[in-house]
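Report on the following structure.
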Amino acid sequence: MNRKTLVLPAVAGLLTPMLAACGGFSSGSNSGDAIVVGTTDRFIASKDIPAPLDPAYAYSVNTQNVLRNTLQTLMAQPRGDGEPMPEAAESCGFTDAGSERYACKLRKDLKFSNGDPVTAAAVKFSIDRARAIKADSGVFGLLSTVDTVETQGDRDVIFHLNTADATFPFKLSTSVAGIVNPKDYEKGKLRDGFSIDGSGAYTMKAEVKNNEMVKATFTKNPNYKGQLTLNNDKVVLESFKDTASMGAALEKGDIQVMTRTMAPDQISKLQSKANGNIKLVELAGLEIRYLAFNTDAPSVKNKAVREAMAQLIDRDELISKVYGTEAQPLYSLVPATITGHSNAFFNKYSDPSVAKARTLLNQANITTPVKLTLHYTTDHYGPATRNEFKVLMKQLNDSGLFDVSIQGQTWDKFIPAEQKGAYDVFGMGWFPDFPDADNYIAPFLDKDNTLNLPYNNSEIQDKLIPASRREVNRLDAESSLTQIQNIVADQVPLLPLWQGKQYIAARDDVTGAEWALNSSSTLMLWELGRGV
């Protein structure tokens, strides 16, 4: 069985929602009381991560949920996704045929929340600052094609790129391109703690206990000017220690909305309810999960070990036992709903086979069983992660070819250890910055990759990624993208596992929940309102 390559011309309409339980949603309206949104995401400042909310550092879905609502970017992804639209900018566009010069004009009388003017100089400062700091999160890699930033007067910003980059408008919609006030952010240093000052839809006040932000209050920014229409004046984002306490708070009405990460049994329970005052919204998602390898580590340096793992892992069984209908098998880093996707791993390895895996190891003279530890984070991707890794461990060990153990760690310790190369094999998830194949490839395989992996492939970095970025019509990038995916399947520096759906639950007096998550699982709090 050969699974065909799926290439879609666009992802517009990707987020058409499905509602479980009774009723539907109507457009929201401004309200008096704050809407309280629950999450199990944690926001921790530590010695290793002192500046979790600085846009020059932040590169995880939980921090994007804060920055997207407080910082303004020149471009923004619209409701339901699709091509980015001007936000802080009045207009933006390429001014040359080669997609190497991109010009934006700021809106008139744009202001930061404190009343200071937002100028072209502030935009240049913000972009240059992120590029210069080069935080170890790797988020600056999104700006890798920027050569210089030029300003003309107070409203015109011109980006001179070092190579053609048709995805650049999307990159200007990401938080690393968030516009900050030069008075509040140092040029060469990250801003520690949880303070944010921008020109976005909301201002944010953090409630902090023991260096952890446990609650964030978002208040409508009276100086905001942009494309967004706010359906509320105030939203509170509250962090819960686990899914059970978050679910109980929703049932009691202490919170009105519940988002990531819900447990599979919670989702199943909400899906099965025929009536009630809580609605579950199911959305197509672009989240992926994968294993990553430190290819310099002796245990996995020989690619035959990585190939054998790719040959053994049974994605269908993994999903059936852990996630059910919430996920589907993934055979490439690029999800099946993104233009340029190919099932490279299935085409190379087909169905799981112990015999084929044994042959791979024998031909490479690898002594079995291969002893490995799979590392995962205990608190970032939800309570099902441990079960997922227990299934992976059993699949590999049942083959007799591996002797695998698993080890979990909290996110605030997991990420610094991963960045330092402490793990030979580890599990990660990815929520895209924007819905394009480039954002599933470049962050992992280009220079200065976000995982700080030692794997380098000059053909991918010097030829194929640049070739794909030259194509304004993303269908025309299919050849380059397919070659990249085939190389990844052949050398296995990363091993894709599954892609998932996303969910948000809301009480029936809250409107707009079906629009409150974009394809990157980023909260758009302005969509929430009070109503019937």
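The values are calculated or read from the model by the stated rules, or taken from the named source; none is laboratory data. Everything quoted here is computed from the prediction, not taken from an experiment. Positions of Cβ are generated from backbone atoms using ideal geometry, with glycine treated the same way; all protein chains shown enter the neighbour counts. Note: accessible area is taken over every heavy atom of the protein model, side chains too, but ligands, DNA and RNA are not part of it. Shrake-Rupley method; radii C 1.70, N 1.55, O 1.52, S 1.80 Å.
Descriptive notes on the structure:
- Between Thr219 and Ser272, the distance separating the two model label sites (each 7 Å from Cα on the Cα→Cβ line) works out to 4.4 nm.
- Debye equation applied to the C-alpha atoms of the range 442-522, log10 I(q)/I(0) at 0.13, 0.15, 0.22 Å⁻¹: -0.60, -0.72, -1.07
- Net lengthening on full extension, Ser479/Thr229 (0.36 nm per residue, minus Cα-Cα): 86.0 nm
- Formal net charge of residues neighbouring Leu142 (Cβ-Cβ distance under 13 Å; K, R +1; D, E -1): -1
- Amide H within-cut-off set for Phe43, under 5 Å, with H built and near neighbours excluded: Met213
- For the pair the range 455-482 / the range 61-97, the C-alpha centres are spaced 24 Å from each other.
- Accessible area of Val236 in the full protein assembly, 1.4 Å probe (Å², nearest 10): 20
- Rounded Å value of the spacing that divides the Cα centres of the range 403-421 and the range 235-312: 18
- Label-point separation, Lys420 to Asp154 (7 Å along Cα→Cβ), nm: 4.8
- With a cut-off of 19 Å on the backbone N, the residues of the range 152-169 near the modelled label site 7 Å out from Glu90 along Cα-Cβ are 152-159.
- Here r is the Cβ-Cβ distance between Thr325 and Arg386 and R0 is 22 Å; the resulting FRET efficiency, rounded to 0.05, is 0.60.
- Cα centroid of the range 111-155 to Cα centroid of the range 324-365, whole Å: 40
- Contact order relative to length of the chain, as percent, for alpha carbon pairs under 8 angstrom and 6 or more apart: 24
- Checked against a 28 Å cut-off, the cross-linked pairs Lys241/Lys269; Lys47/Lys371; Lys134/Lys234; Lys108/Lys215; Lys124/Lys234; Lys279/Lys501 give Cα-Cα distances beyond that limit for Lys47/Lys371; Lys134/Lys234; Lys108/Lys215; Lys124/Lys234.
- Radius ratio Rg over Rh of the chain, counting only Cα atoms, Kirkwood formula for Rh: 0.96
- The calculated 222 nm mean residue ellipticity attributable to helices in the chain amounts to -7000 deg cm²/dmol, summing -39500 (n - 2.57) over DSSP H runs of n ≥ 4 and dividing by all residues.
- Percentage relative contact order, the range 56-113, counting C-alpha pairs under 8 Å, at least six apart: 22
- Net length available on complete extension from Lys183 to Thr337 is 51.2 nm, with 0.36 nm assigned per residue and the Cα-Cα distance removed.
- The share of C-alpha pairs in the range 184-261 whose separation exceeds 21 Å stands at 45 percent.
- Under 18 Å from the Gln363 label point (7 Å along Cα→beta-carbon), backbone N, the range 312-346: 312-313, 345-346
- Net charge in the neighbourhood of Pro86 (other residues with Cβ under 15 Å of its Cβ; Lys, Arg +1, Asp, Glu -1) is +3.
- Accessible surface, the range 126-214, averaged per residue in Å² (probe 1.4 Å): 39
- Positive contributions from Lys and Arg (+1) and negative ones from Asp and Glu (-1), summed over other residues with Cβ under 15 Å from the Cβ of Lys209, come out at 0.
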